[in-house]
Amino acid sequence: MQTDKGLVLAQALLEYLRRRAILLPGSNVIERICAEAVTRATRRIHDVLTESLSEGHRQRLDELLKRRDDGRMTWLAWLATAGQGEFPADAAAHRPPQNPPRH
């Protein structure tokens, strides 16, 4: 299954339990099971996507989460505005700093 929608997961879990004639737990237990499934899947996806990244790659990605000098949005949000009028013709001239100061 490829979803992070709680209702879809809960329905699938209930169908699974019913097919196997397993006594259904309370709704709070179903909710916790689904939340745990989403959390585990998110962690697995993160691990798969980041395991081959170098420290330099990780630092550059972290830079995208910092606010731009104008403070209105992060670099990542700014990049996501491409084609919406705010993205400059020469984006390379507006990249985040290469060597950020250490805090």
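The values are calculated or read from the model by the stated rules, or taken from the named source; none is laboratory data. Please read these numbers as outputs of a predicted model, since none were measured by experiment. Please note: Cβ atoms are built from the backbone with ideal geometry, for glycine as well, and neighbour counts cover all protein chains shown. Ligands, DNA and RNA are excluded from the accessible area calculation, which covers all protein heavy atoms including side chains. Shrake-Rupley method; radii C 1.70, N 1.55, O 1.52, S 1.80 Å.
The residue that is most open to solvent (accessible area, probe 1.4 Å), counting only those in region 33-46 that are under 11 Å from ASP4 (Cα atoms) and touching a residue at least 12 places away in the same chain (Cβ under 8 Å), is THR42. For region 52-72, taking the residues that are in contact with a Phe, Trp or Tyr (Cβ under 7 Å, 6 or more places away or on another chain), assigned to a loop (DSSP other than H, G, I, E, B) and open to solvent by less than 80 Å² (accessible area, probe 1.4 Å), the one that is modelled with the lowest pLDDT is identified as ARG68. Candidates in region 17-32 are the residues that are under 23 Å from ARG44 (Cα atoms) and without any contact (Cβ under 8 Å) to a residue 24 or more places away in the chain; of these, the one that is most open to solvent (accessible area, probe 1.4 Å) is ARG32. LEU24 passes every criterion in (1) more than 29 Å from THR3 (Cβ to Cβ); (2) part of a loop (DSSP other than H, G, I, E, B) apart from (1).
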